[in-house]
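Let me begin by presenting the structure, written as structure tokens, before commenting on it.
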Amino acid sequence: MNLRQLDKKHFGRRGKPEDIVVGNSVDSYLIDSRGRKYIDFMMGWCVGNLGWGNTEVRTAVGKFDGPDYVHPNYLYRPWTQLAEILARITPGKLAVSYRTTGGTESVEGALQIAMACTGRGKFVSIEDSYHGNSIATMSIGAAQNRETFKNLLPNCHKIKPPLDRKALGKIETLLKKRDVAAFIMEPIICNLGALVPDREFILGVRKLCTRYGTLFIADEVATGFGRTGKLFACEHFDLEPDILCVSKAITGGYGGLGAVITTSKIANAIKEDFGLYSTYGWHPRAVAAALANLRYLRRHQRKLLTNASRLGEHFLSRLAQMTFRGKATIQGKGFAIGIKLEDEAYASEVGDTCRENGLLISAEEDVLMFFPALTITRQTAQRGLDILEMSL
């Protein structure tokens with residue numbers, strides 16, 4: 001059997017894999033098994049923020065000489081070091097981290113923390129948003145999941161865009177009953193084409209949450225660690241969440257690791273009744289990668305964020321000059337950029353043609369998404385945009 005046949009027989013996945021066999025990756029390029037290089041405008045959907053093969057991170061992982069495993073009940077210095085860094089760099093009064101292995105587990109943990117702290121069981125989120133693949137995270141997520149799983153958690157209310165003053169009124173109607181544990185959203189909503197909410201909306205929700213005792217959960221699994229031109233997307237709105245979810249770019253792809261970060265006040269309130277157990281959360285090797293990754297990011301923070309902001313503006317400007325079939329809504333911040341099209345088939349066609357021409361982008365349903373590395377050069381970005389325009 002060839003690889004595609006073996007994959008179909010033994011590997012569980014939704015739909016068919018794309019027509020590319022991965023061999024290696026370097027910087028802003030993915031290399032297939034035959035040696036062909038593709039410009040990577042996806043970076044694992046916001047995983048490789050520092051580019052593939054960062055020397056410092058790879059060296060740290062290669063030189064790791066610690067324990068194979070640490071039981072969750074033991075003390076381990078690198079855990080404290082990582083938690084201290086996260087407390088220092090995250091917005092607001094966030095100070096206490098809970099260990100997870102990835103984004104779904106981080107959001108799941110955030111929901112549990114909100115329930116434990118408030119004693120409530122309801123949630124409010126954005127319609128068609130994405131927050132993970134567990135039953136709880138699908139319950140607050142996209143409608144397509146509710147069609148597949150008929151018995152998702154009840155009491156999960158959705159607010160449809162546009163996220164404006166009218167939407168704020170709907171949220172207040174839900175929150176004033178004082179039975180909603182948390183409102184959750186990505187500050188910039190990636191799977192909705194990098195939708196950037198109005199500042200008035202986000203700060204309005206923050207005030208409503210405070211007024212009615214509801215916690216504000218910011219899901220920065222995809223937008224964290226420089227993706228939007230700020231270290232965290234919350235910073236675009238001066239938003240101070242009660243709970244923050246992170247993963248993806250925290251290790252740069254060198255290990256599965258995530259975190260739920262909350263305030264000392266919340267952590268102390270649930271300390272006697274709540275513990276987020278994760279067998280492989282913060283595995284020692286993954287922690288070594290995360291520490292090296294975050295130290296590199298902090299040392300080069302100004303340069304990386306400036307590149308994401310300036311080149312991101314260039315992306316938006318260049319995309320606005322391209323001719324798409326039908327109406328195209330272009331939006332985003334930094335290197336979280338989306339194009340919402342009118343035709344799903346056309347979006348899929350553009351994605352396939354880009355891949356054939358040597359560019360990897362995300363084309364799901366009627367949305368094209370671009371998540372370049374923060375380290376991408378202007379020359380590589382231009383070449384990728386040229387391929388995109390040629391592929392339209």
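The values are calculated or read from the model by the stated rules, or taken from the named source; none is laboratory data. Keep in mind the model is a prediction, meaning the values are calculated, not measured. As a convention, Cβ positions derive from the backbone with ideal geometry for all residues, glycine included, and neighbour counts pool all protein chains shown.
List the pairs whose first member sits in the stretch 325-350 and is under 13 Å from L192 (Cβ atoms), whose second member is among the basic types (K, R) and part of a helix (DSSP H, G or I), and whose Cβ atoms are under 8 Å apart, counting only residues at least 6 apart or on separate chains?
Listed by first residue and then by second, the contacts come to nothing, as the list is empty.
Inside the stretch 370-392, can you point out the residues that are closer than 20 Å to L304 by Cβ, touching a Gly at 6+ places or on another chain (Cβ under 9 Å) and hydrophobic (A, V, I, L, M, F, W, C)?
If the condition is that a residue be closer than 20 Å to L304 by Cβ, touching a Gly at 6+ places or on another chain (Cβ under 9 Å) and hydrophobic (A, V, I, L, M, F, W, C), then F370, F371, A373, L374, I376 are the ones that fit.
Report the residue count in the stretch 347-385 for those that are in a helix (DSSP H, G or I) and touching a Leu at 6+ places or on another chain (Cβ under 9 Å).
First, pick out the residues of the stretch 347-385 that are in a helix (DSSP H, G or I): 347-356, 378-385.
If we keep only those that are touching a Leu at 6+ places or on another chain (Cβ under 9 Å) as well, we get 347, 350-351, 353-354, 378, 381, 383-385.
Looking only at that region, the number is 10.
Give the residue that is surrounded by the most Cβ atoms within 10 Å (Cβ to Cβ), with candidates limited to residues of the stretch 329-343 that are charged (D, E, K, R) and part of a strand (DSSP E or B).
K333
Is at least one residue of the stretch 352-361 charged (D, E, K, R) and within 18 Å of G193 (Cα to Cα)? Spell out how you get there, then give the answer.
Of all residues in the stretch 352-361, those charged (D, E, K, R) come to 352, 355-356.
From what is left, the residues that are within 18 Å of G193 (Cα to Cα) are none.
So far as the stretch 352-361 goes, no, none of its residues is charged (D, E, K, R) and within 18 Å of G193 (Cα to Cα).
Within the group R77, R88, which residue is free of Cβ contacts under 8 Å to residues at least 24 places away in the same chain and either within 22 Å of L231 (Cβ to Cβ) or touching a helix residue (DSSP H, G or I) at 6+ places or on another chain (Cβ under 7 Å) (or both)?
Testing whether each residue is free of Cβ contacts under 8 Å to residues at least 24 places away in the same chain and either within 22 Å of L231 (Cβ to Cβ) or touching a helix residue (DSSP H, G or I) at 6+ places or on another chain (Cβ under 7 Å) (or both) leaves just R88.
Could you check the stretch 219-245 and list, in sequence order, the residues that are surrounded by 24 or more Cβ atoms within 10 Å (Cβ to Cβ) and either within 13 Å of T263 (Cα to Cα) or not assigned by TED's automatic domain parsing to the domain that holds H131 (or both)?
P241, D242, I243, L244, C245
Looking at the stretch 28-77, which of its residues are of a type in the set (F, W, Y) and either closer than 19 Å to G351 by Cβ or in contact with an Asp or Glu (Cβ under 8 Å, 6 or more places away or on another chain) (or both)?
The initial filter retains those residues of the stretch 28-77 that are of a type in the set (F, W, Y), namely 29, 38, 41, 45, 52, 64, 69, 74, 76.
If the condition is that a residue be of a type in the set (F, W, Y) and either closer than 19 Å to G351 by Cβ or in contact with an Asp or Glu (Cβ under 8 Å, 6 or more places away or on another chain) (or both), then Y29, Y38, F41, W45, W52 are the ones that fit.
Is it true that V70 is in contact (Cβ under 8 Å) with a residue 12 or more places away in the chain and more than 20 Å from K248 (Cα to Cα)? Working first, answer last.
Details: in contact (Cβ under 8 Å) with a residue 12 or more places away in the chain: yes; more than 20 Å from K248 (Cα to Cα): yes.
So V70 fits the description; yes.
Run D40 past the list (1) touching a residue at least 60 places away in the same chain (Cβ under 8 Å); (2) in the same structural domain as G226 (by TED's automatic domain parsing) and report the number of the one that doesn't hold.
Failed condition: (2).
Just need a number here: residues in the stretch 306-328 that are surrounded by fewer than 16 Cβ atoms within 10 Å (Cβ to Cβ) and of a type in the set (G, A, S).
Here the count works out to 3.
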